Amino acid sequence: MIMRSMQRRTVALLATAGLALGTATAVALPAAAAPDAARSTYIVMLTAQPVATYAGGLPGLAATAPAAQGQKVLRNSVPVQAYRNYLDRARDAVLAAVPGAERLYEYDFTIAGFAARLTAAEAQALSRRADVAAVTPDEIRHLDTSRTPTFLGLTGPGGTWSKVGGPNKAGDKVIIGMVDSGFVPENPSFGQMQTTVASDNAVAAKFSGICDPGDEAPFVTCNKKVIGAQHFDAGIGGQPIDEEFESARDYGGHGSHTASTAGGNDGVTAVVDGQNLGVISGMAPQARLSIYKVCYSIDLVGGNACATSDSVAAIDTAVADGVDVINYSISGSTTSFIDPVEVAFFRAAAAGVFVSASAGNSGPAVSTVAHNSPWLTTVAASTHDRAYDATATLGNGDSYDGAGLGTAVPSSPLVYSGNVKLPGANQTEAELCYAGTLDPAKVSGKIVLCDRGVIARIDKSLTVEDAGGVGMILGNTSPNSINADLHFVPTVHVNDVARNAVLAYINSAPTPTASLSAGVEILGAKAPLMAAFSSRGPAKAGSGDLIKPDITAPGVDVLAAYAPTAGGHGHDFDYLSGTSMSSPHMAGLAALVIQAKPTWTPMMVKSALMTTATQVDNTGAPIINDDGTAANPFNYGAGHVVPTSALNPGLVFNSTETEWRQFVCGTGKTVPGGPSCAVTGSIDPSNLNVASVGVGQLAGSQVVTRKITNVNTVPTRYTVSVQAPPGTTISVNPAVVTLGKNKSANITITITRTTAPLNVYTFGSLTWTPATASGVVPGTVRIPVAVKPTS
């Protein structure tokens, strides 16, 4: 099977249509097709198993699923080729029922199916077929570090990198697939790196992806750092702006930022506008990167769009290519385990690929967390210990601390952007400091208060500069992070409380003024704090029986590679914030664990990262939210990642594809494709063997089961200690267990409500402490507990 890239704007086949790119096919519009306006894109999932999970059983067709958990699919093997031919025939039989359909992609590896443009009637007709598991409308999703290696303990003697051979070995032979907005090949974070023959051979043996130069200049090139690059745009259609690249080249900067955070080169000096911002590195600087572009800029002020059909094609291709890790810093469902992207990740994990996904940027509201499937790792965002402090001082003497990188601004007239708009400008856009909304006659020589929201923060300061302003106070209008960005005028970013106070002063003082202090870099700042924007649990999917997010990592003011085309600002590096930034941290750290433990399954890697996480900050105090309130597992999951400890976790909680199916069946749903719930059976979702315990409806008492496996190198005795959620009791049986290397034990956890209030979550933990005859032991193993008593 081949994929032919389709022009977004002309919807015609390219001259390079025969270039082998992956696993999906984009084809020309059939002559009999209905008018485009009558059609929408749908993802059709067949009842057949995809390559990643087909275990045999059909006459003449051998199994194509990996022979052992954690192994990869073999794209070019005879069984895989034969089974893909079978899927071709199955697809053709379905598509024969809708001869006017415009086929966009064919999926083989993580979903057996296709994407096509169908009428509503055609989609409904296909959904009724016995050989079709689901027909899902395509959706448009959106894109959701000089100091972080030190903060995370990667550098220095005894750091994580030293455990795997140093920064020039960290991530060696591991391939990270980045499903995002592409990359900038010329950025030094993606420059050529020194490798060994052994490493090159190991990578070549498992990677079968390609480097597609793209459909237009400037063409994309690859090297030993970025070994693959492809773009997927059949689903996005004509939405991207004309300036976008029809290649894996990054226009908006997001993909370059995430890719360099996960696996960018070590020792890269980040310089912007002549200012040296420091030396940066990815988490796994010796890992290889394979780029899968699915997100495109749709305007010139940071808007972006990512079609689900394109994302599924990219995931399908990445798994077939042989990546070890996928990072997905793109928004997702908050309510479903079985939308097409989550199902594709189900099969990716079954094929031995670790998946890191962003939790979302809809916090601090509860139940906003996305990507709630247990087979992937959902990452929240928190601060790290480098901060840039600045202060805005008003003419009345009141001062407000915030974040800022700029130079000082002496006392100057102070105005609110909404009060100084151009005649005819939209009021809301002026308050947000949209380009061209401010009146230079009223702004020149002044500091401007601009409201945060909608457009990029730095674009607001550009608007102020263009109108002649000398400084900006950027104010949150609701609880959110405060960020030190590379602004065009000196800026202090303040929280919503300070913003309201500054606005009240402007509106009451006859001649309001303000001064801005120079930004001061603070190393060793109190961290982590949970970012206000980071999406929170409890998850809507699963009714609270699975704690999400899983873990947190740095996601505020992360310095990494960028695209000079983004916003037209010419920056090769920039500070960005979001769970989009925390997820690639986890992807890179997972690559380090995979390097050290190459036979581990994705769920073992996830467990190691979670059970060794910390719940205290760098001062030893419990982690808090950035508004000062106490944080809990619905904010940070198991806690903040501690990568060095994750290399030797002692115990792991593993789970299999069959158990994931049983989990989904226990929620009343079925994974599209493959055996039904009648065949696989179901489990109470609370009993899935993950490194956390969630009970969304604790009616008196409930018994939860777990299976622990000793990955210590010697027999180890583990003794459990209980921190029961307030108002409950917990008993664990057995409380003490001795396990040989790679041996497992089943345990039961009985949770009983005593005085806990009804319909309110309460939190606790279980901790296993190891001991061995030799005295050589890993650290403690901790899992969070969240329960909601009900009547």
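See the values below:
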| item | result |
| --- | --- |
| Using distinct alpha-carbon pairs, which all enter the 1/r mean, Kirkwood radius of the stretch 248-396 in Å | 17.6 Å |
| Sequence-distant residues sharing a close amide H with residue 245 (under 5 Å, placed H) | 251 |
| Partner lysines for residue 421 [C-alpha distance under 24 Å; skip if fewer than 8 residues away on the same chain] | 442, 446, 460 |
| Built amide H within the under 5 Å cut-off of residue 104, gap 5+ | 115, 116, 117 |
| Karplus 3J(HN,Hα) series, Hz, for the stretch 730-735 with 6.51 cos²θ - 1.76 cosθ + 1.60 (x for Gly, Pro) | 9, 10, 10, 9, x, 7 |
| Computed over the stretch 647-791: relative contact order in percent, which uses C-alpha pairs under 8 Å that are six or more apart | 28 percent |
| Given [x] 1.31; [y] 1.44; [z] 0.95, the label whose value is Cα Rg over 2.2 N^0.38 Å derived from this model | [z] |
| Computed accessible area, residue 163, all protein chains, 1.4 angstrom probe, square angstrom | 130 Å² |
| Nearest-10 value in Å² for the accessible area of residue 487, using the 1.4 Å probe | 40 Å² |
| Placed amide H near residue 455: partners under 5 Å, 5+ positions off or other chain | none |
| The stretch 623-673 versus the stretch 729-791: alpha-carbon centroid distance in Å | 15 Å |
| Aspartates and glutamates whose Cα lies under 16 Å from that of residue 72, excluding same-chain neighbours fewer than 8 positions away | 108, 316, 321, 324, 657 |
| Greater than 28 Å apart at Cα, pairs in 206/743; 173/741; 163/743; 669/741 | 206/743; 669/741 |
| From phi via Karplus (6.51, -1.76, 1.60), per-residue ³J(HN,Hα) for the stretch 529-536 in Hz, x at Gly/Pro | 10, 6, 5, 4, 6, 5, 5, 10 |
| The chain - percent of accessible surface contributed by carbon and sulfur, probe 1.4 Å | 54 percent |
| Residue 401 accessible area, 1.4 Å probe, all protein chains in place, Å² to nearest 10 | 120 Å² |
| Exposure rank, largest accessible area first [306, 665; 1.4 Å] | 665, 306 |
| Under the Karplus curve 6.51 cos²θ - 1.76 cosθ + 1.60, θ = phi - 60°, whole-Hz ³J(HN,Hα) for the stretch 499-513, x wherever Gly or Pro sits | 4, 5, 5, 5, 5, 4, 5, 4, 7, 10, 7, x, 9, x, 9 |
| Probe 1.4 Å, protein heavy atoms only - accessible area per residue of the chain in square angstrom | 33 Å² |
| Mean Cβ count within 10 Å, highest first, over the residues of peptides 509-516, 583-590 | 583-590, 509-516 |
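The values are calculated or read from the model by the stated rules, or taken from the named source; none is laboratory data. It should be emphasised that the depicted structure is a prediction, and the values quoted were computed from it without experimental measurement. Glycine also receives a Cβ, built like all others from the backbone with ideal geometry; neighbour counts cover every protein chain displayed. Quick note on the areas: whole protein, heavy atoms, side chains included, nothing else; ligands and nucleic acids left out. Shrake-Rupley method; radii C 1.70, N 1.55, O 1.52, S 1.80 Å.
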